[in-house]
1. Just the number, please: carbon plus sulfur as a percent of the accessible area of the chain, 1.4 Å probe, no ligands or DNA/RNA counted.
2. Using Cα springs under 10 Å in a Gaussian network model of the chain, which residue among H100, H88, H59 shows the largest mean-square fluctuation?
3. Connecting C-alpha atoms closer than 10 Å in a GNM of the chain, tell me which of P149, P106, P76 has the biggest fluctuation.
4. Could you give the radius of gyration (one decimal) and Dmax (whole number) of the Cα atoms in the chain, in Å?
5. Quick one: order E148, E164, E122, E132 from most to least accessible surface, probe 1.4 Å.
6. Taking the Cα centre of segment 152-196 as origin, work out the dipole magnitude from +1 charges on Lys and Arg Cβ and -1 charges on Asp and Glu Cβ, in debye rounded to 20.
7. Longest span of the chain, sites excluded, free of trypsin sites (Lys or Arg not before Pro) in DSSP loop with at most 15 other C-beta atoms within 10 Å?
8. With point charges of +1 on the Cβ of Lys and Arg and -1 on the Cβ of Asp and Glu, referenced to the Cα centre of the chain, which listed residue (G138, Q179, H28) lies farthest in the positive direction of the dipole?
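The values are calculated or read from the model by the stated rules, or taken from the named source; none is laboratory data. Remember, it's a predicted structure, so these values are computed and weren't measured experimentally. Because the Cβ atoms are built from the backbone with ideal geometry, glycine has one as well, and the counts that use them run over all protein chains shown. Surface accessibility is based on the protein's heavy atoms, side chains included, excluding ligands, DNA and RNA. Shrake-Rupley method; radii C 1.70, N 1.55, O 1.52, S 1.80 Å.
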Amino acid sequence: MTAAPAPHPRTALSVNVNLVAQVRNRRHLGIPDVVRAASICLEAGAQGITVHPRPDGRHIRADDVRDLSALLRDWPQAEFNIEGNPFHNLMDFIRQYRPHQATFVPDSEEQPTSDHGWRFPEDAERLRPLVEECQALGVRVSLFMDPEPAQMAAVRAVGADRVELYTETYASAYRTPRQAAVLASFAAAVQAALDAGLGVNAGHDLNRDNLADFLRAVPGVAEVSIGHALMSDALELGYAATVRAYQQRIDAAAA
């Protein structure tokens, strides 16, 4: 009898706190507090904290990265993920704080949010030395990618440890006739990544409604990074209840 495949580890939830900083930056009162928000999320069971500090400081600022790095030292079981464009300001943060994970995102300085992944072979040679530098610092590297199976081997060839699949196409197809086909494309991309020896993260426009269906149809996702939707829910439910609600969706998918 053929043995059943080993189950994948439970998907981790990393909370992106950029939106907390963006609200705070509208006034000069220091509220809401980014570190307190992250602390409550961790206490409620989040497995990590994500930030995306952009060069213009329009939400997460350099002192936020410093303070969150200090916070995460008190949470050895949780991970700190700093994401951004390595050709802008990301590498300075990686060199100084050495987070658990650096997620390379090919956004421009003008973009309001990330909207596409890296391209191979076009981006390979300029990414390779930065991937190597992060790994020499003990930092895991994840590349933000569109769900294209043919790209996964090339990601591994430049030395990256993981991909973060850009999930906006799934979110926009959710509960439409395109949903099944889009999920199949993500499942194929995840399998190609795993076959290449990569870990798989996912993020962008995942929310309480669509998360469980995504994870159920796309097994093998190690981590989801969720910010805008989670923080929007927190305006109604509070940080802790929202984190628990997202964890329930992850558990429902695993079941």
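1. 52 percent
2. H88
3. Judging by the Gaussian network model, the answer is P76.
4. That works out to 17.5, 66 Å for Rg and Dmax.
5. Descending order: E122, E132, E148, E164.
6. Rounded to the nearest 20 debye, it is 160 debye.
7. 179-255
8. My answer, from the dipole projection, is H28.
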